[in-house]
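These notes are about the structure you will find just below.
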């Protein structure tokens, strides 16, 4: 009799335990992530005034023109809107300084656009796209997340021994979905002690159509740096990021192999991208342990395999790679500018 | 008999609730493991298109590589 009810009692105990532990969590700081964009005044009254520690803030600056909006994000602890605006101005200064390094016909239009964005940042004429952090109380329009685990050391990828086996040829599905690479620019930041990278690319209409054909919804332009020799130009953590792609997010490097360090700002809704538009993804880090390095780009299309996952945990944790393509393997000099041949 | 079927219903409901609550986290775990496998598939693929698929029978990852003509090759990667 007793043995028959043991499994049921065990399951019930598990459920009660999880309810009790989540109830007790209200007594401690709860992690939060805001769900939808808000105005500056809403952010200040509903989030900033109640949060005990904000660790990520994303700003969305709208500028009518070739590209409608640009996202600026910063990570850290105890973030404030003023500190993120300051970081965003540094990002903008880096982008302006790199325009002369890149011989593209869009440079004059870029400079004009950057001036307009700078004015909007200084006057706080933007929306707060999202914020993450901790709070002792439940905040307006937020969801609780369990936080991101600490990065763990991983084993060497070179130890994976596999012999490729040829399979039957299959028709090329959908066509070429990856964008055309334009430029990669890596340099010291205008802020001392930091370095940045800008990756620039554009989709043709055919590439966007092929992308839609694949069924993937997200896209990541991965900047991958060579750390096989343990020397790296960029630091481990990203201090600030920016993207001109719509619906952008900073990808996590949790459990990435240390031999190839990946820095990515992706989009979870590539359908909103426009053809013939040069997009830029920018990351800024502290100094690495070397003054030179090399990198490559890996284009990745992805989608959410478990519905609802990103609503709870965010896109960075829930998008699964459907297919990837490496290009310009180890051709990007760090620091330096590499233009599409 | 009646108490046994009631126990089964309770057990089913409890398990279903656990799966619903755990779903997003399982999804994240799958995505993270898949991204790790993708990074290990990357050096094997060179300049080919590549992706990974979970191989349930071998409980490992299949690294599938495709060239521009559609010819594919595959290699198996350990789970972690």
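Structure summary
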{"item": "Selection within region A:309-341 - crowded, with 22+ Cβ neighbours inside 10 Å, under 18 Å from the mean Cα position of the chain (by Cα) and modelled with pLDDT of 75 or more", "result": "A:320, A:321, A:324"}
{"item": "Options B:16, B:75, B:29, B:37: the member that is more than 8 Å from every other protein chain (Cβ to nearest Cβ) and in contact (Cβ under 8 Å) with a residue 24 or more places away in the chain", "result": "B:37"}
{"item": "Filtered residues of region A:247-279 (kept if closer than 24 Å to residue A:227 by Cβ and part of a strand (DSSP E or B))", "result": "A:249, A:250, A:260, A:261, A:262, A:263, A:264, A:265, A:266"}
{"item": "Those residues of region A:267-294 which are out of contact with any helix residue (DSSP H, G or I) (no Cβ under 6 Å at 6 or more places or on another chain) and more than 19 Å from residue A:61 (Cβ to Cβ), in sequence order", "result": "A:271, A:276, A:285, A:286, A:287, A:288, A:289, A:290, A:291, A:292, A:293, A:294"}
{"item": "Qualifying position, being within 26 Å of residue A:298 (Cα to Cα) and in contact with a helix residue (DSSP H, G or I) (Cβ under 7 Å, 6 or more places away or on another chain), among B:70, B:27", "result": "B:27"}
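The values are calculated or read from the model by the stated rules, or taken from the named source; none is laboratory data. Quick caveat: nothing in here was measured; it's all calculated off a predicted structure. Cβ atoms come from the backbone with ideal geometry, glycine included; neighbour counts cover every protein chain shown.
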